[in-house]
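Just so you know, all these numbers are worked out from the coordinates, no wet-lab data involved. Remember, it's a predicted structure, so these values are computed and weren't measured experimentally. Here the Cβ is made from the backbone with ideal geometry for all residues, glycine too, and neighbour counts use every protein chain on show.
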Amino acid sequence: MDLNSKQRAQLRAMANTLPVILYVGKEGVTDGTVKEAYDALQARELIKGQVQQNASLSAREAADILAGRLGASPVQIIGSKFVLYRRNDKKPKIEL
């Protein structure tokens, strides 16, 4: 899914108030992490994640791996945090 700059800006604004619900640790992006992110995206469409200090991946790498495996779009990556978005076509929760 390709987002235009206006849609990204809306999603970034929404993500400011979100708590971090997904953590990537030293093992990197595991099947458990992917499942957790999948379930969260099904429920919310927009999630915020964080890469722990002891992780071997950067936030950009983790976001790109997760986005590729989940069909999501990385919306924002700052420091160790990242935001992913995937539209739920059956029950959309965010209007863009």
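Which of the lysines could a cross-linker bridge to Lys93, judged by Cα under 21 Å and excluding same-chain residues fewer than eight apart?
Lys6, Lys35, Lys48
By counting other Cβ atoms within 10 Å of each Cβ, how are Lys81, Lys90 ranked from fewest to most?
In increasing order of surrounding Cβ atoms, one gets Lys90, Lys81.
Place the peptides 23-29, 51-57 in order of packing, highest mean first, counting for every residue the other Cβ atoms within 10 Å and averaging per peptide.
Packing order, densest peptide first, comes out as 23-29, 51-57.
Using θ = phi - 60° and the Karplus curve 6.51 cos²θ - 1.76 cosθ + 1.60, what whole-Hz ³J(HN,Hα) does each residue of the stretch 19-26 get, with Gly and Pro shown as x?
Each residue of the stretch 19-26 in turn: x, 6, 10, 10, 10, 10, x, 5 Hz.
Can you tell me what percent of all Cα-Cα pairs in the chain are more than 22 Å apart?
Here the tail beyond 22 Å accounts for 20 percent of pairs.
For the chain, with only Lys/Arg (+1) and Asp/Glu (-1) charged at the beta-carbon, what is the dipole magnitude about the Cα centre, in debye rounded to 20?
300
Which residue, chosen from Ile78, Ala13, Tyr23, occupies the Cα position most advanced towards the positive end of the dipole of the chain, where the dipole is computed from +1 (Lys, Arg) and -1 (Asp, Glu) charges on Cβ about the Cα centre?
Ala13
Tilt of helix 59-70 relative to the longest C-alpha principal axis of the chain, in degrees (0 to 90, nearest 10)?
60
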